[in-house]
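Since every read-out is calculated from the coordinates, none of them should be taken as a lab result. Keep in mind that what you see is a predicted model, and the values were worked out from it rather than measured. Reconstructed Cβ throughout: ideal geometry from the backbone, glycine too, with neighbour counts over all protein chains shown.
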Ligand code: RAM
């Protein structure tokens with residue numbers, strides 16, 4: 001077997017891509033090798049529609065290329081409803097050839113709305129109240145047209161509402177809450193299921209349970225019904241292929257029969273009521289007597305907006321057992337799940353028919369120890385089960401989910417003696433994204449914070465990125481998504497999740513380019529700075545994490561339209577100082593009775609205007625649209641200048657003395673570079689004056705630690721992170737939080753609550769600090785999109801931690817970085833996947849005493865360069881695992897980052913003069929992006945930001961000749 005192994009093969013992010021409408025799917029693979037420094041030199045892909053690769057439909061032949069991510073299919077047009085197999089072979093820089101990979105699976109879906117033969121059908125509702133919200137059953141039986149064995153059977157299905165599909169008594173998949181939530185007016189997903197093994201040769205039955213869900217049920221603050229339509233409906237098309245080549249189709253049409261389901265009521269916020277006495281056993285099997293049922297009706301709904309499933313499905317991903325039973329002072333029987341979770345309770349019960357068991361879900365107990373429902377607002381989160389009285393019954397709700405740690409149980413038999421814990425299980429429900437990263441360190445409280453961040457993501461990624469999962473909201477708030485996306489993508493794979501959501505963002509963009517507050521948009525309203533910017537920041541971040549150029553190109557127009565929208569607001573095209581904004585939402589410097597922090601809305605709006613314009617400019621340049629890049633570059637310069645004129649003094653004082661104003665000025669490179677250190681020092685002072693406490697809200701918090709660490713104040717950032725008194729990240733941890741709270745003091749010191757009104761205990765926004773923990777404390781960072789080039793630069797900071805580590809599953813494989821201090825000795829371990837290179841920066845190291853794998857670094861396999869800098873040692877390494885050990889010198893070198901280096905370089909009058917001459921744009925703050933600040937070397941090597949390599953070479957040459965700045969420039 002070859003030393004080069006293709007480990008994972010994916011198509012459109014999925015290992016088994018069943019049912020896609022993508023015409024030119026993209027292939028990616030991860031390669032393993034025991035050697036170091038392995039780079040792919042060539043690849044070959046084959047795709048076949050047959051069982052073997054004898055006569056492939058597409059064969060790339062050997063392509064000399066190091067690309068292994070998102071290689072686009074370029075063969076003959078793929079056909080709908082067709083199964084393909086593909087495989088990959090690679091060669092590396094050592095001339096080693098891999099074996100062919102195991103075949104990957106790709107199957108196309110319907111491709112076109114014309115392919116639907118099925119009819120939308122709706123159950124007969126004449127016998128129920130017009131405003132009732134029960135679920136329905138729909139069914140039909142069918143025989144097979146041919147006696148030849150079935151070789152494949154696929155269902156394509158969706159619903160206006162939520163549905164579960166059954167064939168011959170079995171649910172066709174583990175997916176929940178299908179078809180998921182999209183901007184239904186514009187786009188609706190349909191699912192593809194392989195049901196080959198569920199069909200019988202003789203009689204068959206297909207059945208659907210259909211509830212209201214997001215489509216028809218009460219949604220939003222006022223709980224308005226019928227957001228998308230009054231009638232629930234399903235659409236089902238089953239294609240059966242036989243060995244003899246014949247094919248038949250079973251469709252939903254007016255021949256289907258329907259009746260009420262045992263679900264008397266269901267609603268996303270309020271819960272479900274299920275009367276098991278109404279179950280009709282065998283309804284999903286053939287030979288069931290449905291003469292009492294009535295005919296379904298055909299409904300005239302569109303097919304044009306149907307798209308094959310884009311997101312990963314929602315599923316049960318974990319089962320949590322209750323940790324204790326509580327009899328509260330108020331006399332309630334309460335289960336404690338030990339974790340604030342999102343999903344549902346599955347209960348088991350043996351009781352006489354008609355016993356009514358009610359579960360009311362809540363997130364916290366109040367200070368007296370009673371279960372607290374106040375923060376749920378009108379959301380009832382109540383599940384009621386009525387027993388049928390036959391043996392042990394099991395039930396979990398179908399078309400709803402709850403956010404909870406505690407469950408008040410009423411009516412459970414024998415509860416006077418307490419609740420039997422083993423009768424209840426918490427099923428955790430969310431979009432089934434792969435876990436792709438984690439962070440750990442020597443402080444258990446920070447580890448709990450990291451756990452809270454991950455649980456916050458799980459609970460709020462139920463098909464749409466939501467603000468919270470419990471009260472009458474659970475909406476796709478654009479601001480929250482934008483704030484958290486970087487952290488989210490480190491922890492879980494969010495490619496398909498955000499691809500789907502961003503298409504909805506684009507679909508719901510207003511005609512004038514404005515972006516709704518929430519997507520899918522069910523509340524209307526104008527556009528707010530830092531919320532609407534999600535339209536730009538999210539596609540850009542996806543591109544950074546996955547190198548997904550296609551999505552970036554797809555969203556580019558929408559990104560531009562957002563910036564163009566801002567430009568025409570008010571009468572100064574370079575400032576955004578008009579309109580409604582959420583401001584620094586929930587900032588602690590807010591005036592009394594206001595949710596908006598003290599930082600002026602127009603400062604925030606203009607800062608984000610600059611940021612989005614910069615990202616649009618960089619996107620234009622990446623997409624090769626030079627004219628746009630030039631125009632948006634010019635616009636950016638004007639915005640930055642206007643920001644300086646309006647909000648900064650010529651000597652670098654930020655006009656508004658809030659933490660958030662300083663943070664944005666630093667993060668978005670708005671200050672004149674020479675003045676940036678002053679802004680950073682002022683921010684640091686503001687924090688020290690506040691005794692190492694933050695005052696920032698939704699806008700400032702996510703960037704706060706980045707702004708400090710990136711400008712020489714990493715120790716301050718670490719101290720902020722470790723702050724366990726209010727307000728600080730560890731305050732909620734000290735209060736026993738298991739998810740991230742909406743407010744820094746959702747529960748106050750005295751145990752009282754912030755308010756009933758707006759107090760979620762599962763709100764991920766402040767969890768955005770997770771990204772900084774990974775990038776800065778563990779030092780695991782991307783340089784080139786998709787982590788093809790990485791930078792490993794752990795910052796040790798403030799002597800408060802003795803070890804930290806993080807891993808992330810990149811498109812190339814697993815990337816790891818960790819450090820451990822033992823006395824005067826530092827150990828840093830790094831793992832880089834095949835086909836990537838890393839710049840490893842070891843602060844406080846000296847070249848002559850640095851060891852890797854117990855030997856001097858010079859000449860170690862995989863390390864291609866090593867040199868000492870003023871802050872430590874800098875290495876370039878290829879793939880492989882490395883362990884560095886050194887006696888560290890000055891740990892204050894810790895705070896000496898890329899950005900300080902660049903700024904210091906510009907402090908040197910000569911250097912500044914040279915740069916000004918060759919590349920004045922560097923001095924307008926127009927060259928940095930939020931993700932990172934490129935060094936001169938990287939700019940030169942990657943040709944980033946429209947900087948001609950010649951100019952940079954000229955700068956570097958001139959600067960290298962000048963001894964005063966030599967040390968800084970040599971990279
Ligand atoms: C609240 C939401 C959300 C926030 C908006 C402005 O209702 O919970 O987190 O983005 O307000």
Specify the angular offset, from 0 to 90 degrees and rounded to the nearest 10, of the alpha carbon long axis of helix 626-647 from the longest principal axis of the alpha carbons in the chain. 70 degrees
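Based on other C-beta atoms within 10 Å, arrange 69, 568 from fewest to most. Could you put the intermediate results ahead of the total?
Numbers: 69 22, 568 10.
So the residues, fewest neighbours to most, are 568, 69.
By per-residue mean of other Cβ atoms within 10 Å, what is the highest-first order of 694-702, 128-136, 649-657?
Taking the mean over residues of other Cβ atoms within 10 Å, the ranking is 694-702, 128-136, 649-657.
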Per the helix-only calculation at 222 nm, which mean residue ellipticity applies to the chain, given -39500 (n - 2.57) for every DSSP H run of n ≥ 4 and division by its residues, nearest 500 deg cm²/dmol? -7000 deg cm²/dmol
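Can you tell me what percent of all Cα-Cα pairs in the chain are more than 59 Å apart? If you can, show how the numbers build up before the last one.
On the way: 50376 of 470935 pairs.
I get 11 percent for the Cα pairs in the chain exceeding 59 Å.
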Check: C-alpha center the stretch 345-403 vs C-alpha center the stretch 473-488, spacing in Å is 29 Å
Using label points projected 7 Å from each Cα along Cα→Cβ, tell me how many nm separate residue 368 and residue 568, to one decimal. 5.8 nm
Cα gyration tensor of the stretch 399-532, axes a ≥ b ≥ c as square roots of the eigenvalues: rounded (a/c below 1.5), prolate (a/b > b/c) or oblate? oblate
Quick check: the angle from helix 549-567's long axis to the longest principal axis of the chain, C-alpha only, nearest 10 degrees? 80 degrees
Sorted on mean Cβ neighbours within 10 Å (highest first), peptides 346-356, 151-161 come out as 151-161, 346-356
Kindly express, to the nearest 10 degrees and within the range 0 to 90, the angle between helix 478-491's C-alpha long axis and the longest C-alpha principal axis of the chain. 80 degrees
Along each of its three principal axes, how wide is the spread of alpha-carbon positions in the stretch 5-108, in whole angstrom units, largest first? 42, 25, 20
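If you restrict to DSSP beta bridges whose two residues both lie in the chain, what percentage is antiparallel, to the nearest 5? Mind dumping the intermediate values first?
Details: 169 of 185 bridges.
In the chain, DSSP labels about 90 percent of beta bridges as antiparallel.
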Inter-part distance where the stretch 246-311 and the stretch 133-170 are each reduced to a Cα centre, Å: 9 Å
Span from the the stretch 699-721 Cα centroid across to the the stretch 34-69 one, whole angstrom: 44 Å
Give the peptides 235-241, 621-627 in descending order of average Cβ contacts within 10 Å, highest first. 235-241, 621-627
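For the residues 388, 855, 171, what sequence is obtained by ranking on other C-beta atoms within 10 Å, fewest first? Mind dumping the intermediate values first?
Numbers: 388 19, 855 9, 171 15.
Fewest to most other Cβ atoms nearby, the residues stand as 855, 171, 388.
Cut-off is 10 Å between beta-carbons; in what order do 599, 400 appear when sorted fewest neighbours first?
Details: 599 29, 400 24.
Ordered by Cβ neighbours within 10 Å, fewest first: 400, 599.
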Cα-based Rg (one decimal) and Dmax (whole number) for the stretch 314-431, in Å? 13.6, 41
At q = 0.09 Å⁻¹, what log₁₀ I(q)/I(0) does a Debye calculation on the Cα points of the stretch 437-777 give, no solvent, two decimals? -0.44
